[in-house]
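Quick note: the coordinates plus some simple rules give every number you see, no bench work behind them. Fair warning: this is a prediction, and the values are worked out from it, not measured in the lab. Cβ placement follows ideal geometry from the backbone for every residue including glycine, while neighbour counts extend to all protein chains displayed.
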Amino acid sequence: MKLYFLWLLGFIMYCTGLECWKCIGEWCRDNPVGDYRVSKTSCQPRESCMKVYYRMYDNTSRLYESVTRSCSMGKCVSLGIDQFTDCMANPRIYQIDGCSLRSCCDNEDLCNSTAKHLTNQSVILLNTILTVLFIRFR
């Protein structure tokens, strides 16, 4: 009975939708926990939490930096440090379009803070194993 309850609890948590931090601005790079300027938002199915760092220089040599945390619109594709570094090394891109460093997660609510967590696949695997054990040893 305990295994069934744990499985049901895990399944309900997985199916309730993902909640992410939501903010935009230079100050958004800090840990969002406890910041009054940050809110929580619920994602739609097949969306992920994301954190995007954006940086560019304009033609007057003014630096613009911003961080955005929110739900992705559809599948989120991470842009790693290598892509960011390559972009920064190309003045034409860096000074016109700017460069982004994007991280995506869908492993648990509010995962677009600063911590690392398990993946949803791990939760699904654990629920499957618990279900099989429950059915087998009933």
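If the viscosity is 0.692 mPa s and the temperature 37 °C, what Stokes-Einstein diffusion coefficient in µm²/s follows for the stretch 19-118 when Rh is the Kirkwood radius over Cα pairs?
232
What full-extension length gain, to one decimal in nm, is calculated for F84 and S39 as 0.36 nm per residue of separation minus the Cα-Cα distance? Show your work: numbers first, answer last.
Working: separation 45, 0.36 × 45 = 16.20 nm, distance 2.72 nm.
Length gained between F84 and S39: 13.5 nm.
Hey, got the Cα dimensions of the stretch 16-68 along the principal axes, in Å, largest first?
47, 26, 11
Using +1 on the beta carbon of Lys and Arg, -1 on that of Asp and Glu, and nothing else charged, what's the dipole of the stretch 19-118 about the Cα centre, debye to 20? It would help to have the intermediate numbers written out before the result.
Working: 13 positive and 13 negative charges, 20 e Å.
Rounded to the nearest 20 debye, it is 100 debye.
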